[in-house]
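Structure first, commentary second.
The values are calculated or read from the model by the stated rules, or taken from the named source; none is laboratory data. Just so you know, these numbers come straight off a predicted model, no measurement behind them. Counting neighbours? That spans all protein chains shown, and the Cβs are built from the backbone with ideal geometry, glycine included.
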Amino acid sequence: MNRTGIMIACVAILLLACSSEESTHMTNVDADHSKMPDTEKLVESAKIQIEQKSVAIVEKMQPIPSALPSVEQNSGLALAKKSGCLNCHSVEKKIVGPAWRDVAKRYKGQAGARTQLIAKVKKGGSGNWTEVTGGTPMPPNSPRVAHADIETLVDFVLSLE
Ligand code: HEC
């Protein structure tokens with residue numbers, strides 16, 4: 001082969017190499033382009049899902065009550081729970097014993113109610129809430145529950161109204 005022959009061969013090889021590289025390059029670009037709409041669709045549907053989920057979460061969230069129980073009420077309830085009172089009482093509903101809000105309403109402003117209720121909670125007994133309880137007595141809570149705790153609990157109940 002003479003020089004020109006070699007040159008032509010080289011150019012031809014170069015051209016071939018380039019064109020084949022270009023063609024693979026092209027197909028890659030084409031492939032990417034054809035994938036793009038899919039990716040966009042995926043991203044779009046993911047966005048919609050996230051939006052729908054956050055709307056669902058916001059809808060499920062409970063509104064924050066405007067009147068949150070005070071610290072005293074929370075600690076009163078904690079002491080009541082610890083002392084076993086909440087097995088039979090709740091603030092709003094009759095369970096075995098009367099709702100404590102009803103107890104507070106009944107004794108509101110009555111002199112001597114505090115002392116009387118402290119004695120009743122210590123000793124237990126029946127007769128004051130028969131229409132609600134059907135006559136079930138409250139068992140004695142003293143000495144199981146300390147005197148000071150019973151005082152705190154009665155103050156808590158009377159603070160409810
Ligand atoms: C086993 C159930 C039971 C438990 C435990 C219990 N109670 Fe009662 N409670 C009753 C019942 C029943 C009455 C209604 C008594 C009545 O009719 O006089 C009552 C009544 C009361 C009353 C109103 C009393 C009155 O004469 O008006 C108060 C105050 C009270 N409970 C506080 C408490 C506290 C504080 C505790 C915890 C230390 C407690 N109770 C634990 C059943 C229970």
Inter-residue pairs, beta-carbon under 9 Å, first within 17 Å of G112 (Cα to Cα) and in the stretch 139-154, second assigned to a loop (DSSP other than H, G, I, E, B) and more than 6 Å from the ligand (Cβ to nearest atom), 6+ apart:
I150/S142
Before we move on, is S159 out of contact with any Phe, Trp or Tyr (no Cβ under 6 Å at 6 or more places or on another chain), more than 6 Å from the ligand (Cβ to nearest atom) and in contact (Cβ under 8 Å) with a residue 60 or more places away in the chain?
yes
Any residue at all in the stretch 125-140 that is of a type in the set (D, E) and near the ligand (Cβ under 8 Å from one of its atoms)?
no
In the list E92, E131, which residue meets the criterion of being exposed (fewer than 14 other Cβ atoms within 10 Å of the Cβ), of a type in the set (D, E, K, R) and not in a helix (DSSP H, G or I)?
E92
Among the residues of the stretch 78-99, write down those that are in contact with a Phe, Trp or Tyr (Cβ under 8 Å, 6 or more places away or on another chain) and either within 17 Å of I118 (Cα to Cα) or of a type in the set (K, R) (or both).
L79, A80, H89, G97, P98
Sort out which residues of the stretch 95-124 are closer than 13 Å to I150 by Cα, within 7 Å of the ligand (Cβ to nearest atom) and either touching a residue at least 24 places away in the same chain (Cβ under 8 Å) or not in a helix (DSSP H, G or I) (or both), and write them in order of number.
L117, V121
Looking only at residues in the stretch 69-94 that are of a type in the set (A, V, I, L, M, F, W, C) and under 17 Å from P137 (Cα atoms), which one is farthest from the ligand (Cβ to nearest atom)?
L86
Residue by residue through the stretch 57-86, note down the ones that are in a helix (DSSP H, G or I), of a type outside the set (A, V, I, L, M) and modelled with pLDDT of 85 or more.
S75, G76, K81, K82, C85
Tell me yes or no: at least one residue of the stretch 38-56 is modelled with pLDDT under 80, away from the ligand (no atom under 16 Å from the Cβ) and loosely packed, with under 10 Cβ neighbours inside 10 Å.
no
